[in-house]
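Everything below concerns the one structure shown next.
Read-outs: derived from the displayed coordinates by stated rules, not from any lab. Keep in mind it's a predicted model, so treat the numbers as computed, not measured. Cβ: placed from backbone, ideal geometry, glycine included. Neighbour counts: every protein chain shown.
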Amino acid sequence: MLRSTHFAITADQATRLQDLPTGRDRLKLLQDDIAPHMFGQEGELTCITEYAWNPVHRCLTDGYLKWNNGTPPRNQVILGGEDLYEGGDFVMLLKDPRIVRGVAYALQNITKMWMLAGYKSIPKDDYEFPKSDADFDITWDAFLEIKRLYDVAGRKGRCVLFTVEQ
C-alpha cells in the first residue's frame, strides 16, 4: 500500500527543502526533521490518505492518473507543484501559498455528488483497485481531509507538500 501525506508547511520549511541540492537530501530533511515535528505537534497541518490520493486526483481531473491532466487549480491538489525529488521511489511536490489559496477556494463547493460523478469517470481498466461503494467512501473521506488541510493552510499562508512512497 502506498502511504501518502499532505503537509501544510511554513515558508521557512519550504525554503530549507528547496535549498538542498538533491531529492535525497530533501527526503532526509523531511524524514528527520519536518515530518516528526508535524506529526508530533501539528496534527491539523497533516493529512494521511494512504492510497486514496490516487482516486482523489482522478476524481478532480479527468479520471486518469497523469501528471498534467485536468485543469488548474483542481489538478494541483495532488500532482501539482514544484517537484522536489528525482527518482521513482518517492514523490515530493511543493505547492506555494498562492496555489494553496486557489486550491482551497476551488475545493469549497465540491459536493459528494460531484465527486461521485468524477469517481464514475475513472476507467476500470486503468484503475488499480476494485471500484465499489466502499472505495468511493474512502475516496470521499480522504477528499474531505485534504480539503480541510488546504483550507487551514490557505488561511495560515502555508505551503503544501504532497509526498507519497512508491
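Per-structure values
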| quantity | calculated |
| --- | --- |
| A153 small (G, A, S), touching a residue at least 12 places away in the same chain (Cβ under 8 Å) and farther than 14 Å from N54 by Cβ | yes |
| Any pair with Cβ under 8 angstrom, 6 or more apart, that starts in segment 54-75 at a residue that is touching a residue at least 60 places away in the same chain (Cβ under 8 Å) and ends at one that is among the acidic types (D, E) and surrounded by 14 or more Cβ atoms within 10 Å (Cβ to Cβ) | P55/D135 |
| Per-region count, segment 4-24, residues farther than 23 Å from D151 by Cα and in a helix (DSSP H, G or I) | 5 |
| Flag if Y51 is in contact with a Phe, Trp or Tyr (Cβ under 8 Å, 6 or more places away or on another chain) and in contact (Cβ under 8 Å) with a residue 40 or more places away in the chain | yes |
| Evaluation of C59 against (1) surrounded by fewer than 20 Cβ atoms within 10 Å (Cβ to Cβ); (2) more than 12 Å from the chain's Cα centre (by Cα); (3) under 24 Å from Y127 (Cα atoms) (one fails), failing number | (1) |
| Of all residues making up segment 25-67, the number that are within 16 Å of I146 (Cα to Cα) and of a type in the set (D, E, K, R) | 4 |
| Restricting segment 143-166 to residues that are in contact with a Cys (Cβ under 8 Å, 6 or more places away or on another chain) and not aromatic (F, W, Y), the residue that is surrounded by the fewest Cβ atoms within 10 Å (Cβ to Cβ) | R148 |
| Matching entry among I78, I138 (being touching a strand residue (DSSP E or B) at 6+ places or on another chain (Cβ under 8 Å) and either touching a residue at least 40 places away in the same chain (Cβ under 8 Å) or at negative phi (or both)) | I78 |
| Qualifying residue in segment 25-46 (condition: in a helix (DSSP H, G or I), touching a strand residue (DSSP E or B) at 6+ places or on another chain (Cβ under 7 Å), surrounded by fewer than 19 Cβ atoms within 10 Å (Cβ to Cβ) and in contact (Cβ under 8 Å) with a residue 40 or more places away in the chain) | no |
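Results for (1) under 25 Å from D141 (Cα atoms); (2) of a type in the set (A, V, I, L, M, F, W, C), shown as yes or no for each residue.
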{"residue": "F7", "(1), (2)": "yes, yes"}
{"residue": "R16", "(1), (2)": "no, no"}
{"residue": "L20", "(1), (2)": "no, yes"}
{"residue": "G23", "(1), (2)": "no, no"}
{"residue": "D32", "(1), (2)": "no, no"}
{"residue": "P36", "(1), (2)": "yes, no"}
{"residue": "L45", "(1), (2)": "yes, yes"}
{"residue": "P55", "(1), (2)": "yes, no"}
{"residue": "Y64", "(1), (2)": "yes, no"}
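Every residue, every condition in (1) crowded, with 20+ Cβ neighbours inside 10 Å; (2) among the aromatic types (F, W, Y); (3) more than 21 Å from L29 (Cα to Cα), yes or no:
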{"residue": "N69", "(1), (2), (3)": "no, no, yes"}
{"residue": "P72", "(1), (2), (3)": "no, no, yes"}
{"residue": "V77", "(1), (2), (3)": "yes, no, yes"}
{"residue": "L84", "(1), (2), (3)": "yes, no, no"}
{"residue": "G87", "(1), (2), (3)": "no, no, no"}
{"residue": "K95", "(1), (2), (3)": "yes, no, no"}
{"residue": "V100", "(1), (2), (3)": "yes, no, yes"}
{"residue": "A104", "(1), (2), (3)": "yes, no, yes"}
{"residue": "M113", "(1), (2), (3)": "no, no, yes"}
